[in-house]
Amino acid sequence: MTPVLVINSGSSSFKYQLLDMDTERTLASGLVERIGPSTGTGLARHTVHAAALASATGPAPTVLDATRIRELPIPDHTAGFAVMLEAFAAYGPSLAETPPVAVGHRVVHGGARFFEPTLVTPLVEINIDELAVLAPLHNPANLAGIVAGRTAFPDVPHIAVFDTAFHQTLAPAAYTYAIDAEVAASHRIRRYGFHGTSHKFVSEAAAAFLGRPLGELKQIVFHLGNGASVTAIDGGRSIDTSMGFTPLEGLVMGTRSGDIDPAVLFQLERRAGMTVDDLDDLLNKRSGLLGLAGSNDLRDIRAAVERGEPQAQLAFEVYVHRLRSYAGAYLAQLGGADVISFTAGVGENAPQVRAGALDTLGFAGVEIDHARNESAERGIRIISTDASAVTVLVVPTDEELEIARQTLSVARP
Ligand code: AMP
């Protein structure tokens with residue numbers, strides 16, 4: 001057994017997953033949330049999913065598939081890790097028997113410095129901290145997880161896996177914004193791109209599924225979840241991506257506007273008296289599907305469309321219109337595509353979105369098979385016709401598995 005622990009740490013919560021990399025199976029996972037000073041009313045919550053009680057000696061793991069929830073005070077991430085360790089000791093798999101060979105940490109922003117998974121050292125921690133200028137909500141939270149993780153597991157390598165790293169292959173023409181070059185350089189303003197772990201996983205899974213060499217494929221990957229982005233991938237390398245300096249740019253999302261004329265912000269500041277914080281809140285938290293139709297969940301939007309509600313119909317059309325624009329743009333950037341994949345909550349579950357995004361692309365060799373697209377089948381699957389020149393896939397993403405793979409590739413090269 002080769003256990004790898006994956007940590008995805010937020011400011012007041014962290015998710016963890018223990019995988020056996022011999023089989024790539026999840027052994028246990030959990031969520032510690034509401035970390036912070038106890039207010040008397042709000043205790044922290046620890047939810048454990050012990051998918052399997054793995055034994056290093058037994059022939060097969062005993063499947064528990066149990067969920068346990070505990071509420072208790074957890075003042076900080078270090079205390080949260082102690083609670084996680086107690087859960088492993090109580091429910092297994094026993095980390096004393098088979099400790100993780102490495103711990104992988106998701107880090108949102110690697111700036112222009114980190115282009116691959118990186119062994120955490122004190123210097124790397126300083127760099128992640130310094131990059132908080134670019135990701136103030138995420139990097140400090142990710143770093144809190146790293147620090148607590150290194151305390152809990154002092155003897156194993158810790159690897160940072162960056163959301164931005166996959167997009168470090170973008171050419172200057174793709175990552176440069178056409179603004180004053182000195183202003184951009186002094187504030188490190190450029191496109192970084194996000195969701196890189198998912199785009200990498202999906203593009204590699206698509207190539208493997210089709211039995212074709214990654215290096216020969218032109219691919220477009222739509223990661224459509226609550227956050228959404230699309231990436232053009234040429235021979236396994238990201239050449240363009242819709243998220244930019246922050247995850248706000250690009251597609252219409254659950255609560256984010258995606259692309260907008262920046263002058264709208266000047267107008268709202270001058271005419272509506274909105275502050276920078278108001279505008280940040282408007283575009284990141286009160287826009288997208290939520291702003292247009294009152295819910296950030298595409299299932300609610302679809303249900304409202306079925307009921308004939310015009311705002312929901314408009315929200316859906318705006319969402320799909322943007323997808324089409326990017327599909328066309330990335331076909332042009334790549335000079336055509338071999339494979340187009342859909343992933344994440346919306347991409348994996350909403351056939352109307354997939355069809356809407358690609359329906360007009362018959363001229364480019366994209367032909368959706370509507371029965372395949374609407375089938376309730378799960379797992380990786382083809383939804384284009386056999387005659388379609390471009391293969392269209394649904395590919396379930398697995399960011400934890402990708403982080404665990406990258407972690408192992410550094411820990412055991
Ligand atoms: P993710 O960020 O990948 O977890 O995706 C979450 C989003 O996926 C939710 O907010 C929903 O909008 C969407 N979603 C999940 N299940 C479905 C479904 N069956 N049909 C349509 N959208 C879905």
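Each value in this text was obtained by applying a stated rule to the coordinates, not by laboratory testing. A quick note: this is a predicted structure, and the numbers were derived from the prediction, not measured. Glycine gets a Cβ as well: all are built from the backbone with ideal geometry, and neighbour counts include every protein chain shown.
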* Structure fact -> Within the under-15-Å Cβ sphere about Glu86, not counting Glu86, Lys/Arg +1 and Asp/Glu -1 give a net charge of +2
* Asked: Label points 7 Å out from Cα along the Cβ direction at Glu86 and Ala171: separation in nm?
  -> 5.6
* Tell me, what is a quarter of the convex hull surface for the C-alpha atoms of the stretch 309-361, in nm² with one decimal? -> 4.0
* Structure fact -> Of the stretch 368-403, those with amide N under 14 Å from the point 7 Å along the Cα→Cβ vector of Ala355 are 368-376, 383-385
* Given the options Leu401, Leu137, Leu251, which has the most mean-square fluctuation in a GNM of the chain, springs set between C-alpha atoms less than 10 angstrom apart? -> Leu137
* Asked: Lys15: which lysines have alpha carbons under 24 Å from its alpha carbon, excluding same-chain residues fewer than 8 sequence positions away?
  -> Lys200, Lys285
* To do: Could I have the simple spin-label model distance between Thr275 and Ala178, label points 7 Å from Cα toward Cβ, reported in nm to one decimal?
  => 3.5
* Asked: Near Ser257, within a Cβ-to-Cβ distance under 15 Å, what is the net charge of the other residues, with Lys and Arg +1 and Asp and Glu -1?
  -> -2
* To do: Return Lys15, Lys285, Lys200 ranked ascending by Cβ neighbour count within 10 Å, so the fewest neighbours appear first.
  => Lys285, Lys15, Lys200
* State whether the stretch 279-413 is rounded, prolate or oblate according to the following rule on the C-alpha gyration tensor (a ≥ b ≥ c being the square roots of its eigenvalues): a/c under 1.5 gives rounded; otherwise a/b larger than b/c gives prolate, and the remaining case gives oblate. => oblate
* Asked: Which of the aspartates and glutamates could be linked to Lys218 by a straight reach, that is with a Cα gap under 18 Å, when you skip same-chain ones fewer than 8 residues away?
  -> Glu204, Asp234, Asp240, Asp338, Glu367
* **Within the stretch 65-118, GluC sites (Glu not before Pro) in DSSP loop having at most 16 other beta-carbon neighbours inside 10 Å** => Glu97
* Structure fact -> If each K or R counts +1 and each D or E counts -1, the residues other than Gly328 whose Cβ falls under 13 Å of its Cβ total 0
* Please say if the stretch 103-229 is rounded, prolate or oblate, where rounded means a/c under 1.5 for a ≥ b ≥ c the square roots of the C-alpha gyration tensor eigenvalues, and otherwise the choice is prolate for a/b larger than b/c and oblate otherwise? => oblate
* Asked: Normalised by the number of residues in the stretch 87-206, what is the relative contact order in percent for Cα pairs under 8 Å and 6+ residues apart?
  -> 31
* Asked: How about the stretch 326-381: which trypsin sites (Lys or Arg not before Pro) there are in a DSSP loop, with at most 11 other Cβ atoms within 10 Å of their Cβ?
  -> Arg378
* Mean Kyte hydropathy of -0.5 or more with a Cα span along the axis of at least 20 Å, helices from DSSP in the chain -> 77-91, 196-210, 310-334
* Asked: Based on the inverse mean of 1/r over its pairs of different Cα atoms, what is the Kirkwood hydrodynamic radius of the chain, in Å?
  -> 22.7
